[in-house]
Structures are given as C-alpha cells and as structure tokens.
Amino acid sequence: MPKHDGYKFWREKLNECKYVLAPMVDASELPWRMLSRKYSSQLCYTPMMNAGVFVRDSTYRTENFVTCAEDRPLIAQFCSDDPELFTKAAQMIQDQCDAVDLNLGCPQNIARRGHYGAFLSIHNS
C-alpha cells in the first residue's frame, strides 16, 4: 500500500472528508455506518477489534469486520499491545479499508485488563 503525506492522504484517499463518524462502543457496525453516511457522514470507523483475536480467529474476523463497496472511505480500528500482532492484523485488512487505526484512548475496564487503549502507557509489574 503506498504511503501518503497527511494532506495528500486526506485529499486523495479520504476525499477531503469533513464529517467523520468516530468509533463508538457497540454502535459502529455496518448498518449504523450506512445510516450515518445517508445523513452526511463522509468517513466512518469500524468498531474496535482486538488485533490478536482478529489474526487467530477467522470467525471473529467474519463477524466483526463487515463492509461493502458503499462503506468507503473507512478506517478499521484495532486494539493491541503487541506491535507484531497489530501489524499482521493491519496487513490482513489493508485492502478492505482506507486506513488502520490503533486505539490509544479506550478507558474501559476491558482495556485495562487487556493492557491496550488508554492503558498502553502503564507498565505492568
């Protein structure tokens, strides 16, 4: 996949989008994204997917990453604390979305237990 500088990426790959549907827990699946696009969202995110499970489990991939031709531009979001698994998950999905995002802000307890999101900077002892 070719690399773009930030402005060129926004202009050419993301179609200069201004209205973005941010990822939301339990509300970023395809039907919601398509409804949001109908009402002016120009760029959408997938729900947060666990990169390790995504790599290991084809059923998880099939159930958690659903898209269609009209669902573009699209950013796929993963959580992970393992750079290799995150990279592998991103490579597996790169041709089906326009960008891949690493969640760095999830404050939920599941993120604390999994050591991802907002808890990546906290070192486990």
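Please treat every number below as a calculation from the coordinates, not as lab data. Predicted, not measured: the structure shown is a model, and the values here were computed from it. Cβ atoms come from the backbone with ideal geometry, glycine included; neighbour counts cover every protein chain shown.
Rg and Dmax of region 20-59, based on Cα coordinates, read 11.9, 36 Å. Taking each residue as 0.36 nm, the span from Q94 to K13 lengthens on full extension beyond its C-alpha to C-alpha distance by 27.9 nm. The string of couplings for region 91-101 from the Karplus curve (6.51, -1.76, 1.60, θ = phi - 60°) is 5, 5, 10, 4, 8, 10, 8, 9, 7, 10, 10 Hz, one whole number per residue in order, with x for Gly and Pro. Close amide H partners of Y45, meaning residues 5 or more places away or on another chain with modelled amide H under 5 Å apart, are L21, I75. Here the 3J(HN,Hα) profile of region 71-79, calculated from phi with Karplus coefficients 6.51, -1.76 and 1.60 at θ = phi - 60°, is 8, 9, x, 9, 10, 8, 10, 10, 10 Hz, Gly and Pro shown as x.
Couplings 3J(HN,Hα) of region 35-52, computed from phi: 5, 5, 5, 4, 9, 5, 5, 9, 9, 10, 10, 6, x, 5, 10, 7, 4, x Hz, in residue order, whole Hz [Karplus 6.51 cos²θ - 1.76 cosθ + 1.60, θ = phi - 60°; x for Gly and Pro].
Taking a Cβ cut-off of under 14 Å around N15, the surrounding Lys, Arg, Asp and Glu residues balance to a net charge of +1, with basic ones at +1 and acidic ones at -1.
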